[in-house]
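Participant: Please read through the structure below; I'll follow up with questions.
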Amino acid sequence: MERVLKDDAVQEKGERARMASFIGAMAIADLIKTTLGPKGMDKILQSTGRGRNVTVTNDGATILKSLHIDNPAAKVLVDISKVQDDEVGDGTTSVVVLAGELLKEAEKLVNMKIHPMTIIAGYRMALECARDTLLQKTMDNKENTDKFRTDLMNIAMTTLSSKILSQDKEYFAELAVDAVLRLKGSTNLESIQILKKPGGSLKDSFLDEGFILDKKIGIGQPKRIENAKILVANTAMDTDKVKIYGARVRVDSMSKVADIEAAEKQKMREKVQKIIGHGINCFVNRQLIYNFPEELFADAGILAIEHADFEGIERLALVTGGEIASTFDNPESVKLGHCKVIEEIMIGEDRLIHFSGVAMGQACTIVLRGASEHVLDEAERSLHDALCVLSQTVNDTRVLFGGGWPEMVMAKEVDELARKTPGKKSHAIDAFSRALQAIPTIIADNAGLDSAELISQLRAEHHKENCTAGIDVITGSVGDMQKLGIQESFKVKQAILLSATEAAEMILRVDEIITCAPRRREDRM
């Protein structure tokens, strides 16, 4: 029989396809399982490119983004981790580990000859039950500002305790909460700038209101400007050359060269006059500013800043309320930025420009200090996770306890549902409960504790009314999450639950994998 598919296409069916999917997804989950929890380990990622860049991290999304994966089911898990990172910022490892555990349980059920659709139906029932349980157990303190701030501090400390900043988590939680409360309920983190400066220790980091631009003030220019009117631009401020590629200008005497130079200078002088005509006292340009225009700006008492990076000027325009301009013929159509004071400050050995009293009141800069670039990069990722979670929590103020408490609460309810449900679905619901309990088990394993002993103690505790017990990895025992102040955002937990279950369902539905060969280029010789 002639083949339906073209040459080099590979087709895997039934059991083999399902096995390939399960194995790929579980391998990804096992890979990042060890980074989960407060005692999770870090991974070193080394690129094979020219720079051989090294990243040291325990952030699930960062690790998975850097991997080149061939297995299609594994790619689904990488995607849910990315979406979790974009959506709520934290829980990127948990979501992959939970999906991996659900698939591990599903594999056992498939081997018991239970149909994948029955497993999916059971998982759906278990998911509804688990979500309803979480909704009933949430706490909400949005009416009481002091209590809500404590909640935010606890959530920030819980998020940071599994990261590099765990040693100074109270200090950084304070920074993150202050920065997010300035946003007044907005989830736009653009106005919080994170600036990394090697040197000093992580404890030397600080929060500064306003905006800091990583540039020096030029020679002969004012070092401090009050009530600044800022024009943010992206325009060429080098001498105007003939802008035709390969064009040559032939002259018959040196005086003609001087004329061309004079004409170029005159053109530049006119452009500078147009810019000064906007009534500004600070000019920030994305591109270089040559000596001649810089001199003209200095004579006019205008601070000219050149070669600001693009992200820098975009954010500067945003926080000062201006727009980036590239033509200067109509001053009335250009929106200028405003701020109270521009001055030069020192951080470590470097000079930077500080804009304070900016139009966008909530704007602030977190300056991170640390021993090396790797430490700073990881600190930035950790802080970004905390800021994302906090900004989401300010909008959805419901919180839960952490430390494996929500998983145990859900597992208990799902277990009871399994006992009431007749038929094969009950096996799937039971498997869902076991997968949920795997999260606290892995947290305990990563901390080097006896997980079997701890989880059985925890299960016994959870059969009491209004239990708040979870795993305290510091003392290595079952602890009271309320006293320890270990809290998590409801939105993060809900996203983990929904994404992981949906991903597991999607992979379970697969019964055939077809890998097509790329189209070959025809020889056109």
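Participant: Select from segment 92-122 those trypsin sites (Lys or Arg not before Pro) which occupy a DSSP coil region and have at most 15 other Cβ atoms within 10 Å, ordered by residue number.
Facilitator: Numbers: sites: 104, 108, 113; in loops: 113.
Answer in residue order: 113.
Participant: Can you give the Rg to Rh ratio of segment 254-314, both from alpha-carbon atoms, with Rh computed by the Kirkwood formula? Working shown, then result.
Facilitator: On the way: Rg = 13.4 Å, Rh = 12.7 Å.
Reported Rg/Rh, Kirkwood definition of Rh: 1.06.
Participant: Quick one: what are the phi-derived ³J(HN,Hα) couplings along segment 69-83, Karplus 6.51/-1.76/1.60 with θ = phi - 60°, whole Hz, x for glycine and proline?
Facilitator: Couplings: 10, 9, 6, x, 5, 5, 5, 4, 5, 5, 5, 5, 5, 5, 5 Hz.
Participant: Another question about this same structure. Rounding to the nearest 10 and keeping the result within 0 to 90°, find how far the Cα-based axis of helix 254-276 lies from the longest principal axis of the chain.
Facilitator: Once rounded, one gets 60 degrees.
Participant: What accessible area per residue comes out for the chain, rounded to a whole number of Å², with a 1.4 Å probe?
Facilitator: Values: 26700 Å² over 525 residues.
In whole numbers, the chain has 51 Å² accessible per residue.
Participant: When the convex hull of the Cα atoms of segment 56-110 is projected onto a plane and the area is averaged over all directions, what value comes out in nm²? Each step should come with its number before you reach the end.
Facilitator: Values: hull surface 16.8 nm².
The directionally averaged projection comes out at 4.2 nm².
Participant: If you wrap a convex hull around the alpha carbons of segment 211-360, what volume per residue comes out, as a whole number of Å³? Let's see the in-between values first.
Facilitator: Numbers: hull volume 19.8 nm³, N = 150.
So the per-residue Cα hull volume is 132 Å³.
Participant: Mind grabbing the accessible area of residue 381 for me, 1.4 Å probe, Å², rounded to tens?
Facilitator: Roughly 50 Å² of residue 381 is accessible to a 1.4 Å probe.
Participant: Where does each of 275-287, 344-356 land if you order them by average Cβ count within 10 Å, highest first? Spell out each step's value before the answer.
Facilitator: Numbers: 275-287: 19.6, 344-356: 15.6.
Averaged packing, sorted descending, gives the order 275-287, 344-356.
Participant: Still on this structure: Carbon and sulfur: what percent of the chain's accessible surface (1.4 Å probe)?
Facilitator: On the way: 13130 of 26700 Å².
Ligands and nucleic acids excluded, carbon and sulfur reach 49 percent.
Participant: Of all GluC sites (Glu not before Pro) in segment 135-192, which ones are in loop regions per DSSP and have a Cβ with at most 15 other Cβ atoms within 10 Å?
Facilitator: Answer by residue number: 143.
Participant: Placing +1 on the Cβ of each Lys and Arg and -1 on the Cβ of each Asp and Glu in the chain, which of 54, 155, 38 has its Cα farthest towards the positive end of the resulting dipole?
Facilitator: 54
Participant: By DSSP, what percent of the beta bridges with both residues in the chain are antiparallel, rounded to the nearest 5? List each step's numbers first, then the result.
Facilitator: On the way: 39 of 56 bridges.
Taking every DSSP beta bridge with both residues in the chain, the antiparallel ones total about 70 percent.
Participant: Along Cα→Cβ, 7 Å out, is where each label goes; now give me the distance between the ones at residue 8 and residue 113 in nm to one decimal.
Facilitator: 4.2 nm
Participant: What is the list of residues in segment 256-277 whose amide nitrogen lies under 18 Å from a point 7 angstrom out from the Cα of residue 291, following Cα to Cβ?
Facilitator: 258, 261-266, 268-269
Participant: A further question follows. Need the list of lysines near residue 265 for cross-linking: C-alpha distance under 18 angstrom, and skip anything on the same chain fewer than eight residues off.
Facilitator: Here the lysines satisfying the reach criterion relative to residue 265 are 241, 243, 256, 274.
Participant: Please get the size of the charge dipole for segment 1-89, origin at its Cα centre, with Cβ charges of +1 on Lys and Arg and -1 on Asp and Glu, quoted in debye to the nearest 20.
Facilitator: Numbers: 13 positive and 13 negative charges, 49 e Å.
The calculation lands at about 240 debye.
Participant: Then there's this: Given labels modelled 7 Å from the Cα in the Cβ direction, how far is it in nm from residue 463 to residue 314?
Facilitator: Each label point is offset 7 Å from its Cα along the Cβ direction, giving 5.7 nm.
Participant: Per residue and in cubic angstrom, what volume does the convex hull of the Cα atoms of segment 372-463 have? Display every interim value, and only then the final one.
Facilitator: On the way: hull volume 13.2 nm³, N = 92.
Spread over its residues, the Cα hull of segment 372-463 gives 143 Å³ apiece.
Participant: Moving to a separate point now. Rounded to the nearest 500, what is the 222 nm mean residue ellipticity of the chain from helices alone, with -39500 (n - 2.57) per DSSP H run of 4+ residues and division by all residues? All intermediate terms of the calculation are to be shown ahead of the outcome.
Facilitator: Numbers: 16 runs with 252 residues, N = 525.
Value at 222 nm, helices only, nearest 500: -16000 deg cm²/dmol.
Participant: Further, regarding this structure: Subtracting the Cα-Cα distance from 0.36 nm times the residue separation, let me have the gained length for residue 371 to residue 349 in nm, one decimal.
Facilitator: This chain segment gains 6.5 nm when fully extended.
Participant: Right, here's the next one. In nm, what is the difference between 0.36 nm times the number of residues separating residue 214 and residue 359 and their Cα-Cα distance? The partial results should precede the final answer.
Facilitator: Numbers: separation 145, 0.36 × 145 = 52.20 nm, distance 1.97 nm.
Stretched out fully, the residue 214 to residue 359 stretch lengthens by 50.2 nm.
Participant: Then there's this: Just how far, in whole angstrom, is segment 331-355 from segment 274-311 if you go by their alpha carbon centroids?
Facilitator: 12 Å
Participant: Could you give the length gained by full extension between residue 475 and residue 509, i.e. 0.36 nm per residue of separation minus their alpha carbon distance, to one decimal place?
Facilitator: On the way: separation 34, 0.36 × 34 = 12.24 nm, distance 4.27 nm.
Length difference between fully extended and current span is 8.0 nm.
Participant: Could you give the distance between the Cα centres of segment 407-471 and segment 37-115, to the whole Å?
Facilitator: 23 Å
Participant: Too long at a 30 Å Cα-Cα cut-off: which of 197/271; 39/75; 33/425? Don't jump to the answer; show the numbers that get you there.
Facilitator: On the way: 197/271 36 Å; 39/75 27 Å; 33/425 28 Å.
Where the Cα-Cα span goes over 30 Å, the pairs concerned are 197/271.
Participant: Work out the FRET efficiency for residue 329 and residue 50 from their Cβ-Cβ distance, taking R0 = 60 Å, and round it to the nearest 0.05. Walk me through the numbers on the way to the answer.
Facilitator: Values: r = 44 Å, r/R0 = 0.74.
With R0 = 60 Å, the Cβ-Cβ based efficiency is 0.85.
Participant: So how do 437-445, 296-304, 256-264 stack up, highest first, on mean other-Cβ count within 10 Å?
Facilitator: On the way: 437-445: 22.7, 296-304: 18.2, 256-264: 11.8.
Top of the packing list down: 437-445, 296-304, 256-264.
Participant: Tally Lys/Arg at +1 and Asp/Glu at -1 over every other residue whose Cβ is under 14 Å from the Cβ of residue 75; what's the total? Walk me through the intermediate numbers first.
Facilitator: Details: positive: 65, 82; negative: 70, 79.
Once all neighbours under 14 Å are counted, the net charge is 0.
Participant: Still on this structure, please answer the following. What nm value, rounded to one decimal, do you get for the distance between residue 267 and residue 27 when each label is placed 7 Å out toward the C-beta?
Facilitator: 6.0 nm
Participant: About the Cα centre of segment 211-360, what is the dipole size in debye to 20, counting +1 per Lys and Arg Cβ and -1 per Asp and Glu Cβ, all else neutral?
Facilitator: Taking the Cα centre of segment 211-360 as origin, the dipole is about 260 debye.
Participant: Treating only the Cβ atoms of Lys and Arg (+1) and Asp and Glu (-1) as charged, compute the dipole magnitude of the chain about its Cα centre; round to the nearest 20 debye. Working shown, then result.
Facilitator: Values: 68 positive and 79 negative charges, 193 e Å.
About 920 debye.
Participant: So what's the Cα pair-distance distribution over the chain, bin width 20 Å, in %?
Facilitator: Binned Cα distances yield the sequence 19, 40, 28, 12, 1, 0.
Participant: Among 83-96, 15-28, how do they line up from the highest to the lowest mean number of other beta-carbon atoms within 10 Å? Mind showing how you got there, number by number?
Facilitator: On the way: 83-96: 24.2, 15-28: 19.1.
Answer by packing, highest mean first, reads 83-96, 15-28.
The values are calculated or read from the model by the stated rules, or taken from the named source; none is laboratory data. Predicted model only: the values in this text are computed from it and were never measured. As a convention, Cβ positions derive from the backbone with ideal geometry for all residues, glycine included, and neighbour counts pool all protein chains shown. Note: areas computed on protein heavy atoms with side chains; ligands, DNA, RNA excluded. Shrake-Rupley method; radii C 1.70, N 1.55, O 1.52, S 1.80 Å.
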